[in-house]
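Reviewing the structure listed below.
The values are calculated or read from the model by the stated rules, or taken from the named source; none is laboratory data. Here the structure is a predicted model, which is why all the values come from computation and not from measurement. Neighbour counts are summed over all protein chains in view; Cβ atoms, including those assigned to glycine, are modelled from backbone coordinates with ideal geometry.
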Amino acid sequence: MDPILTATLCVGGIGLVAAGALALADKFISVREDPRIGEIAKALPGANCGGCGFAGCADYARAIVSGAAAPNLCSVGGSAAEAQIAALLGIEAGEARERRVAVVHCRGNCGEAVRRSAYNGIADCSADHATAGGDKGCAFGCLGLGTCARQCPVQAISLREGIAVVDKERCIGCGKCVAACPRRLIELVPASEDVHVFCGSQDKGPAVKKVCGKGCLGCTVCTKLSPGAFVMKGFLAVRDYTQPVKNPAVVDKCPGHCIGRDAAGA
């Protein structure tokens, strides 16, 4: 017999046997995926932002069906997605949760904050922070190199005059920027709240005033004008978002000019 024909028949036979084996394996051995996984994945927004702690929406859907994750971890889909998922699983949805957005607690832009040196390294906030504590006079202020902006999956963060600013309407509250900031200046807050303390300095007032024109002086004026909504954490006034701001005059009365509404550039 022709050796070429023999080789062809042998290879073809092996292929047929292998195909048959794969077909049998698919029928009797393969693990069928729970159809609810695909349905839940469709109910999720498809942002694949990782804010839930999983690699993407499909991975999160598998974790929900297996019982490894709760159905309320998607900040992008919010209560609407949770309700759909609960219906697919045949369980009751939890209470409606308010949308959260990121806020950068700093107003020390190029015109307000003192730079104590010129940083010429990698354009990364963590690298700058690791270099002798950063080039900014304030050891707590935004370094403005955009590490948080590069982590944002929806481009909701931009750099404005040397500091990071969040676009409230575009923010999906995934929390990636919170984890990325080496100075822990970013916080997820209720989207309905619009009055914030744009400062994260732990220094005393005189020290703050030397390095920034818009920083908390620790004067406690805000805590007196709107008690409960503002509390002191050491020398820094901190917004308690569980309490409403009852006196809007607190924005204009702040002597450090660090209390404002929404965008840090406002």
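Starting from residues that are among the aliphatic types (A, V, I, L, M) and under 11 Å from the mean Cα position of the chain (by Cα), keep the ones in the stretch 167-188 and report whichever is farthest from Cys125 (Cα to Cα).
Going residue by residue through the stretch 167-188, those that are among the aliphatic types (A, V, I, L, M) are 172, 178-180, 185-186, 188.
The next check asks that each one be under 11 Å from the mean Cα position of the chain (by Cα); those that pass are 172, 178-180, 186, 188.
Working: Ile172: 22, Val178: 13, Ala179: 12, Ala180: 9, Ile186: 13, Leu188: 19 Å.
It comes out as Ile172.
Suppose we keep only residues that are within 17 Å of Val104 (Cβ to Cβ) and either assigned to a loop (DSSP other than H, G, I, E, B) or of a type in the set (Asp, Glu) (or both) within the stretch 245-262. Which one would you say is modelled with the lowest pLDDT?
So the residue we want is Asp262.
Any chance the stretch 221-234 includes a residue that's under 15 Å from His105 (Cβ atoms), hydrophobic (A, V, I, L, M, F, W, C), touching a Leu at 6+ places or on another chain (Cβ under 9 Å) and not assigned by TED's automatic domain parsing to the domain that holds Phe54?
The answer is no; no qualifying residue exists.
Take the residues in the stretch 100-115 that are surrounded by fewer than 17 Cβ atoms within 10 Å (Cβ to Cβ) and touching a residue at least 24 places away in the same chain (Cβ under 8 Å); name whichever of them is nearest to Gly78 (Cα to Cα). First the steps, then the outcome.
Residues of the stretch 100-115 surrounded by fewer than 17 Cβ atoms within 10 Å (Cβ to Cβ): 110-111, 114-115.
Now restrict to residues that are touching a residue at least 24 places away in the same chain (Cβ under 8 Å): 110-111, 114.
Details: Cys110: 36, Gly111: 38, Val114: 40 Å.
Once the filter is applied, the top-ranked residue is Cys110.
Could you check Gly134 against (1) at positive phi; (2) part of a helix (DSSP H, G or I) and say which number it fails?
That leaves (2) as the condition not met.
Among the residues of the stretch 52-95, which ones are over 17 Å from the mean Cα position of the chain (by Cα) and of a type in the set (Val, Ile, Thr)?
Correct list: Ile64, Val65, Ile85, Ile91.
Scanning the stretch 212-244 for residues that are part of a loop (DSSP other than H, G, I, E, B) and aliphatic (A, V, I, L, M), which turns out surrounded by the fewest Cβ atoms within 10 Å (Cβ to Cβ)?
Going residue by residue through the stretch 212-244, those that are part of a loop (DSSP other than H, G, I, E, B) are 213-220, 226, 228-229, 234-235, 240-244.
Pick out the ones that are also aliphatic (A, V, I, L, M) and you get 217, 229.
Details: Leu217: 23, Ala229: 20.
Once the filter is applied, the top-ranked residue is Ala229.
From Gly15, Gly38, Gly20, grab the single residue that is farther than 30 Å from Pro190 by Cβ and modelled with pLDDT of 90 or more. Even if it seems obvious, please write down each step before you answer.
Working: Gly15 fails: modelled with pLDDT of 90 or more; Gly20 fails: modelled with pLDDT of 90 or more.
Among Gly15, Gly38, Gly20, only Gly38 is farther than 30 Å from Pro190 by Cβ and modelled with pLDDT of 90 or more.
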